């Protein structure tokens, strides 16, 4: 898959293509359907498929300080898109100038003059241009006028929901699930566990003193960190060419109230591995929430609970409710 940063990265002699456009934070099941449809149309027409996304998040440019929690880093987003068979991942820097571009001008400059789209696939609630004035109806009208087709896809909802209780999968909904610690519901909408990435940094070594050394993650500024609690996770090293894992991990998110902590931390106790992950970029896939964060009366009581957390983590991940490959 080719990766472009800005439209100046287009190769010479670029022909027509099939494009889909959006922020695609999380690349959830709804996004996946859009992208798969674009890939299928592109293959039918013998054209390259292009995912057009934006960085930074448009909200941060339009309303500074309102950047939503980020479900996927840009690097992770590109990985997920590539797995869907996309030919080109195109990141448009979202600038104040781009935010003020009228909808019809965006179509002319980006879709027609630069990308030469033959077809565009978007969600039924797609909005674009200055003040989000453009919609699917306008895009379709411009497509008829300038020779490209438009396909709008229905939004994806949770299966087996009772009438009137349907939940539409969206990045906003998934952020709310994660913020509440409901990583199971987030997984259902994402089609995989929510992933949190970060660099392992030195902690206060209290876990080592208790017999449970942890990898302390320094996470990106806007990362969607689940609510305080203890979780069964998959732990993977993603720095370097090969990486390692996934491995089982019991993960604590919170301030460590037993020791009157104030700084909110993400600490992973990796099971059955004696290794120092300091300085490595790692990923945590949140499989299931085990319990709330609790203040224990003593370090001995905390250690007893950690032993239970570790055993429960083994049970959860042994159920097949994880991303780790299994033998046999």
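Read-outs throughout are calculated quantities, based only on the coordinates presented, and are distinct from any laboratory measurement. Values in this document were obtained by computation on a predicted structure and should not be read as measured data. So basically every Cβ, Gly included, is an ideal-geometry build from the backbone, and we count neighbours across all protein chains shown.
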- Restricting region 16-56 to residues that are under 15 Å from the mean Cα position of the chain (by Cα) and free of Cβ contacts under 8 Å to residues at least 40 places away in the same chain, the residue that is nearest to residue 175 (Cα to Cα): 31
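If I go through region 262-282 residue by residue, how many of them are assigned to a strand (DSSP E or B) and in contact with a helix residue (DSSP H, G or I) (Cβ under 8 Å, 6 or more places away or on another chain)? Lay out the reasoning, then the answer.
Going through region 262-282, the residues assigned to a strand (DSSP E or B) turn out to be 265-270, 281-282.
Then keep just the ones that are in contact with a helix residue (DSSP H, G or I) (Cβ under 8 Å, 6 or more places away or on another chain); that gives 267, 269.
Within region 262-282, residues that are assigned to a strand (DSSP E or B) and in contact with a helix residue (DSSP H, G or I) (Cβ under 8 Å, 6 or more places away or on another chain) number 2.
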- Task: Spot the failing condition for residue 282; the list is (1) surrounded by 19 or more Cβ atoms within 10 Å (Cβ to Cβ); (2) over 28 Å from the mean Cα position of the chain (by Cα), and only one is missed.
- Result: (2)
